[in-house]
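This structure is in structure tokens; I'll ask about it shortly.
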Amino acid sequence: MASNILFLPFRRTHPVSLSASIRQYISTKYDQHPDMFIRDMDAIDKLRADAVNSLEAHNSGIRKLTAYAAQLVWMGGKFPIDIGADFSWYPALGFNTQRPISQNNLRFELANVLFNLASLYSQLAVSLNRSTSDGLKSACNYFCQAAGVISHLKTVIIPEMRSSPPEDMDTMTLESIQQLLLAQAQECFWSKAVKDGLKDGLIAKLAAKVSDFYDQAAEYGTKSDIISTEWIHHMTAKQHHFAAAAQYRASRDCLDKQNYGEEVARLRDSLTCVNEALKESKWINKIVLGDLNGLKSRVSEDLKRAEKDNDVIYLMPVPPKSELKTLDRAGMATARVPQEVSDPSSTLGEAGIYGQPLFAKLVPYAVHIAASIYEERKNRLVTVSIVDELEGLTNQLKDLMQSLNLPGSLQALEKPLGLPPSLTAHAEEIRQQDGLHRLRRSMHETSKLKTNDTTIYQEGVDLLRSEAAEDDRAKLKHGTDRWSRQPSQQAAEKLYAQVSEIDGYLKSAASSDELVKTKLKECEKILNVLSGSDRDIEEYVPSSRRAAMPPNVQHAAGDLRSMLNEVSRLESRRKRQIEKLRDKAKHDDINQVILAETARLEREFPMQKIEPAQFENLFEERLERYEEDQNSIPKEKEEQDQVSSQLRQSNTAFVNARKGDTSTRDREQALQRLENAYLKYKEIISNLNTGRKFYNDLAKIVNRFRDDCKNFAYQRRVEAGQLESDLSNAMSTLNLSQTTSLQDQKQRESLRSHYSTKAPSSEPLTAPTPTRAAVQPPPAPVPGVWNPEIGIKFGVIMTPQQPPANGNVHNPVYPNTRGRGGQWEANQGLRFG
């Protein structure tokens, strides 16, 4: 239906199962099962179907489009824009409206949905009855909202697409559309002002602004490759039309103010503008043309009357156009973005008009990453910065005591017979833990883990080597020019870097394993003693004969015992502190806090994708709870330095008091060896636990490495198969197209070699002496035998009954040429064709 205003056509699309892509993505990227979100997946498919099928000018389409758009915006925080669904949309404008554009991009889908929303608003405006004031008011509002949606699309959605926008959504096209919609909104307001009988001066200002909007729309339209010439002619005609209408209304205002000379000038300018608009008459519709002719008729009549009145009655000077005051503008149309578009999060939730957001219970993948990052930082802080420091201080104390031959020297003196209680406790502990058997079993399990990790790693390496060898063979077969894909090491640069990295881990771990084996070998015999019965240990430890101690020795031994008890208290306190700290870290679950922070971010920034970096402040605040434990390390060092100093002094006094006494030396050494073996046992257990954890963690890395290698090798084989197929097809096409020409060429070469003769030398030949010979009649030709008497002839054998036409003989070897019959002349050489 013809109209004096334009509307945006809808964009069309194909059905897409968005839920299938979401299911696949949840399965591969999230810890949650996709069946938890079946209702949400069904809902998003229904929302899309309702939105893309809203292709009629009806108010119900607004809700369908904005509801789907709001969920798409919300989903942008849950999923990446390249979720795996290829959305195909047909352009609404331009020359390729029958050629769909496909992108794996949620923002692309959102852009198309919002474009259709703007189209719906414009078509609703056109469908209204604009012969009434209410109809004009509603149409103006719809056009303003359509312009607002286009503005939002241009400034917010398109920049976030991370890909090239469709050709009919480039900047110039969207600017032209926005200005056109604002022009038509202003035109509706102008029509309402005319219908309501407002003052001519105000109507002139409104009309001037309409002309400006159309002028800008036409200017941007000429810079766009999509806006049709029909629309540009329409906008140009409208620009001049409303420039003329503005001057006409201004002339009437001049008449009311008795400015008769200016009235004539403005009427003349109005007529000039109308005539400019009528230059577009070949390309505009009849309604617009009718409006122009009606305005021209009215302007012409008023100009004729005004000129007559001024020439006869008023005699006022008529100013030239350059002296006319530029008309003021009254812009009433502005681009208004609907709240459902500008703030879609407000439409979702308990108080939202579109209900709960879909996939609200789906924890974004970035949240899992953020929780892992926090766990890693927390464990590193607790283990490295606190626990390792405390255990390091304790080990320093143990090393000091070993160097001072403590507590063996004091135990041998205090208990010359039997076994010290601490040694008995250590032996009982080792027996309960199955001592050496436990160590050997643990080492065997660690070795199995190492072998398994090495095997998996080697599988990945073999896959890479096999793929590289296949690629090299293909290059040799096809050549580097045709086999133009990237070499294996460039195509999988990260995987090849992992090869060296994991190999380094394994070599370092192997060195550590050998060190643990050496430790066990050194103390194995003594651990056998500790693993035995108390009687076995008593037999190993010699008894001393001396039962009484001098007073000075007794005093020094008492001081030393007090310091050893202080060391034991210090070690016990640290052990309790470490256990408490580990328990504190174990129960430090940040998941709920991260989820709360995620919900806040999703509310405040619905279009922003959740990233782990957004939780950095939360991590720092959360880790502050470990500052007190970290700050205790310097105090522990200071206290240990004091205890160590006092222990050295006490031991020195004890040694000096017993100087010259060798009665307990053998017992001291035996007890100290047993004590050192116990400490070494505890150390080996710790080393084996660390090794087991290392190989378990490495198993995850090598499994992922092998899977990545499998995927890479599979993709490269598929790519190689496709490339080989393309090359084979290209060669087949080349062979088919050249078969005939190659066969012809071979046939020609065969004939040339059969009839070839040596080229004449560059020296002139001596002319033979002419002799007269008896003329013999030529013998009858024998088929298949050349007779030199009749020369060389090419073509079928001619008989007297088949003379060649015009002396030409057709050569079947060269079907497109004609040969010349006759005798061969030696000085002419051989000629073919």
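The values are calculated or read from the model by the stated rules, or taken from the named source; none is laboratory data. Small disclaimer: the values here were computed from a predicted structure and weren't measured. So basically every Cβ, Gly included, is an ideal-geometry build from the backbone, and we count neighbours across all protein chains shown. The area values use the complete protein model at the heavy-atom level, side chains included, leaving out ligands, DNA and RNA. Shrake-Rupley method; radii C 1.70, N 1.55, O 1.52, S 1.80 Å.
Leaving out same-chain residues fewer than 8 places away, which aspartates and glutamates sit with a Cα under 12 Å from that of LYS223?
Reachable aspartates and glutamates: ASP170, GLU175.
With a ≥ b ≥ c the root eigenvalues of the C-alpha gyration tensor of the range 582-704, is it rounded (a/c under 1.5), prolate (a/b larger than b/c) or oblate?
Oblate, since a/c reaches 1.5 and b/c is not below a/b.
Let me ask you something else. Once you've got the Cα coordinates, tell me which of LYS521/LYS693; LYS521/LYS584; LYS378/LYS575; LYS378/LYS450; LYS361/LYS586; LYS29/LYS586 are over 29 Å apart.
Beyond 29 Å: LYS521/LYS584.
Under 27 Å Cα-Cα from LYS659, which lysines qualify once same-chain neighbours fewer than 8 residues away are excluded?
Here the lysines satisfying the reach criterion relative to LYS659 are LYS398, LYS415.
Taking the Cα centre of the range 216-303 as origin, sum charge times position over the Cβ atoms of Lys and Arg (+1) and Asp and Glu (-1), and report the length of that vector in debye to the nearest 20.
Dipole of the range 216-303, to the nearest 20 debye: 140 debye.
Here is a follow-up. Name the residue farthest towards the positive end of the dipole of the range 351-485 from the options THR455, LEU436, GLY479, assuming +1 on Cβ of Lys and Arg, -1 on Cβ of Asp and Glu, about the Cα centre.
Final value for the positive-end residue is GLY479.
State the answer as a single residue: which of THR173, ASN285, SER228 lies farthest towards the positive end of the charge dipole of the range 163-298, with beta carbon charges of +1 for Lys and Arg and -1 for Asp and Glu, about the Cα centre.
With unit charges placed on the Cβ atoms, the residue in question is ASN285.
Taking θ = phi - 60°, what integer Hz values does the Karplus form 6.51 cos²θ - 1.76 cosθ + 1.60 yield along the range 253-263, in sequence order, with x for Gly and Pro?
Result, ordered by residue: 5, 5, 4, 5, 8, 6, 9, 6, x, 5, 4 Hz.
Kindly flag which residue pairs out of LYS154/LYS192; LYS580/LYS635; LYS192/LYS321; LYS517/LYS680; LYS64/LYS137 have an alpha-carbon separation exceeding 21 Å in this structure.
LYS154/LYS192; LYS192/LYS321; LYS64/LYS137
Give the Debye-formula value of log10 I(q)/I(0) at each listed q (0.14, 0.16 Å⁻¹), with one equal scatterer per alpha carbon of the range 407-492, two decimals each.
These q points yield log10 I(q)/I(0) values of -0.74, -0.82.
Along the positive direction of the dipole of the range 1-60 (beta-carbon charges: Lys, Arg +1; Asp, Glu -1; about the Cα centre), which of LEU47, ILE5, SER27 reaches farthest?
Positive-most Cα among the choices belongs to ILE5.
Applying the Karplus parametrisation 6.51 cos²θ - 1.76 cosθ + 1.60 with θ = phi - 60° to the phi angles of the range 110-123, what ³J(HN,Hα) value in whole Hz is obtained for each residue in order, glycine and proline being reported as x?
For the range 110-123, the Karplus-derived couplings read 5, 4, 5, 5, 5, 4, 5, 5, 4, 4, 4, 4, 5, 6 Hz, x marking Gly and Pro.
Can I ask one more? Enumerate by residue number the GluC sites (Glu not before Pro) in the range 309-371 meeting two conditions: DSSP loop (anything except H, G, I, E, B), and at most 15 other Cβ atoms within 10 Å of the site's Cβ.
Here the GluC sites (Glu not before Pro) that fit, given the DSSP loop and packing criteria, are GLU350.
Round to the nearest 10 and report in Å² the accessible area of VAL553, as given by a 1.4 Å probe over the protein chains' heavy atoms.
Its heavy atoms expose roughly 10 Å² to the probe.
What's the long-distance tail for the range 308-400, i.e. % of Cα pairs beyond 17 Å?
So the portion of pairs separated by more than 17 Å is 80 percent.
Then there is this: Among the aspartates and glutamates, select those whose C-alpha is under 19 Å from the C-alpha of LYS308, and discard any that sit fewer than 8 residues away in the same chain.
Partners within reach: ASP253, ASP256, GLU262, GLU263, ASP269.
Tabulate in residue order the Karplus-calculated ³J(HN,Hα) for the range 299-311, using 6.51 cos²θ - 1.76 cosθ + 1.60 with θ = phi - 60°, rounded to whole Hz; enter x for Gly and Pro.
5, 4, 5, 5, 5, 4, 5, 5, 5, 5, 5, 6, 6
How much FRET efficiency would the formula 1/(1 + (r/R0)^6) give for ASP225 and THR326, where r is the Cβ-Cβ distance and R0 is 51 Å, rounded to 0.05?
It comes to 0.95.
If amide hydrogens are placed 1.01 Å from N in the peptide plane, which non-local residues have theirs closer than 5 Å to the one on PHE87?
GLN103, ASN104, ASN105
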